[in-house]
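Okay, so here's the structure we're looking at.
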Amino acid sequence: MISLGCAKNLVDAEIMLGSVVAKGMQVTGDADEADVLIVNTCAFIDSAKEESIEAILEAHQGRGLKRRAGQKLIVSGCMAQRFSKELAGDLPEVDAFIGLDSITSLPTVIEELLARPLHRSPITDHQSLTNPSWSPLNLVTRKPVYIPDWDTPRFRLTPAHTVFTKIAEGCNHPCSFCVIPQMRGRHRSRTVESVVKEVRGLVESGAKEINLISQDTTYFGMDGWAEKANPRQPVDPSRGTTLVHLLRALNDIPGDFWIRLLYTHPAHWSDDLIACIAECPKVARYIDMPLQHIHPRMLDLMRRETTSEHIETLIARIRAGIPAIAIRTTFIVGFPGEAEEEFAYLLDFIARTRFERLGVFSYSQEEGSRAAKMEGQLANKVKQARYRRAMKLQQRIAAEHSAAQVGRTVRALVDAPQVARSQADAPDIDGRILLTHAAPVGEFIDVRITGTRVYDLLGEPLC
């Protein structure tokens, strides 16, 4: 399997592989010996779609003389969910398309494909089909409703000590730049009991870092009772289950581990959630909260369901309520109609707020989104220039944050013999601590910070 895109897609890949292992099939890292190749695609932005197409064609082209002609190719993930009909015509190389509702049906799909007669000759090019009447299997439903449970089989693709746990699926937000709700359906939460059972099992198996993920983790449990709430008003956690209930239940699980909160939305934070994080020692002092912009007009055009005043006040409340918190955010630059003064407003906000972790995306004009039809689409060179200016500013801020760590001792989780991460660094997206000598992988250690490399730190293990 080749899995592309975000951690949420990675969990889907693990579930698909878990389903085939549960049926007695084997997973291999060697494409030459595989009976089936799976490309789990991403379709979030144009570059992700291009990467997915390239991966599909590369997987197909490798099925030539060096592999068996009967090897099957399956495409899954967000791009399959969104474009399966179009792709079936454009990519006759593909034997089956798996939608997001069908990820646990992979064994049945594989069995059916392997039972089919060979429809193509050994590959000379990507159009060399021998049976013009052949058509790929297509298991894509229009509006996904599937969500995993605690006992859903998974084949872990992450190191044993760190894991992603999907607590909800889908999204209810109407962001004008995004098509995720069209692909993944409406928000649907798992139960607290289901997530707790899964995490307890993971901790018992040796996991030291539980990364909670969904399209909007702060909306957890609010399905239904919060549907008609005014998103610009504070959430009333007394109305029903919320993320607070889940975090407190997870914090009570015995063991030494971190709980990391990813993909939160500023509209659904509450003072109760801030207090909960401060009071739960196992919840990492780290928050991932994509803001996308700060200028009032841009927030309205993006349909972000929040205001610049709310965002600034919220950040101040979070920093006051959770000592030593590291806040990660992302912004979009070059959104349709973004004037130079509105971009400058964003830069000023970044300079004043000094986020510990920050990423920037150049706006991608996504077919099917409201923003794609807006007037004022900016030239790519303008978007790229703004991207570079924002990242140059953040690089300076990040270097200053890193320099302030020198001389301190931090607790870190060892990812590789000479690589570790602190609570302030999520896997794959944030910085690392480069260790002076080897430390036990998958264990917590104390590290004295001795130097910096802008985003990364240098450290001496105290063990």
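Listed here are the strands (runs of 3 or more DSSP E) enclosed by region 393-463 that have at least 3 residues being β-branched (Val, Ile, Thr): 409-416, 444-453.
If you go through region 392-410 one residue at a time, how many are more than 24 Å from the chain's Cα centre (by Cα) and of a type in the set (S, T, N, Q)?
Filtering region 392-410 down to residues more than 24 Å from the chain's Cα centre (by Cα) leaves 392-393, 396-397, 399-410.
Then drop every residue that is not of a type in the set (S, T, N, Q), which leaves 402, 405, 409.
Going through region 392-410 one residue at a time, the tally reaches 3.
Ile53 meets the conditions (1) touching a strand residue (DSSP E or B) at 6+ places or on another chain (Cβ under 9 Å); (2) more than 20 Å from Thr141 (Cβ to Cβ); (3) not in a helix (DSSP H, G or I) in every case but one. The failed one is (3).
Scanning region 407-428 turns up no residue that is free of Cβ contacts under 8 Å to residues at least 40 places away in the same chain and under 19 Å from Gly334 (Cα atoms). Scanning region 291-322 for residues that are within 17 Å of Asp271 (Cβ to Cβ) and not in a helix (DSSP H, G or I) gives Thr306, Ile322. Within region 403-445, restricting attention to residues that are among the acidic types (Asp, Glu) and under 13 Å from Arg357 (Cβ atoms), which residue is modelled with the lowest pLDDT? Ranking the qualifying residues of region 403-445, first place goes to Asp428. Each residue in region 368-379 was checked for being free of Cβ contacts under 8 Å to residues at least 40 places away in the same chain and either within 13 Å of Glu338 (Cα to Cα) or of a type in the set (D, E, K, R) (or both), and 3 pass.
Tell me, which residue of region 411-457 that is farther than 22 Å from Pro159 by Cα and crowded, with 17+ Cβ neighbours inside 10 Å is nearest to the chain's Cα centre (by Cα)? In this case the residue turns out to be Thr452.
What do you reckon, is Pro323 over 23 Å from the mean Cα position of the chain (by Cα), closer than 30 Å to Phe83 by Cβ and in contact (Cβ under 8 Å) with a residue 24 or more places away in the chain? Working first, answer last.
Details: over 23 Å from the mean Cα position of the chain (by Cα): yes; closer than 30 Å to Phe83 by Cβ: no; in contact (Cβ under 8 Å) with a residue 24 or more places away in the chain: yes.
Criteria not met by Pro323.
Number of residues in region 329-366 that are in contact (Cβ under 8 Å) with a residue 24 or more places away in the chain and part of a loop (DSSP other than H, G, I, E, B): the value is 12. When you scan region 261-290, how many residues do you find that are assigned to a loop (DSSP other than H, G, I, E, B), farther than 15 Å from Leu314 by Cα and in contact with a strand residue (DSSP E or B) (Cβ under 9 Å, 6 or more places away or on another chain)? Residues in region 261-290 being assigned to a loop (DSSP other than H, G, I, E, B), farther than 15 Å from Leu314 by Cα and in contact with a strand residue (DSSP E or B) (Cβ under 9 Å, 6 or more places away or on another chain): 4 in total.
The values are calculated or read from the model by the stated rules, or taken from the named source; none is laboratory data. None of these values were measured; they are calculated from a predicted model. Cβ coordinates were reconstructed from backbone atoms using ideal geometry, including for glycine residues, and neighbour counts include every protein chain displayed.
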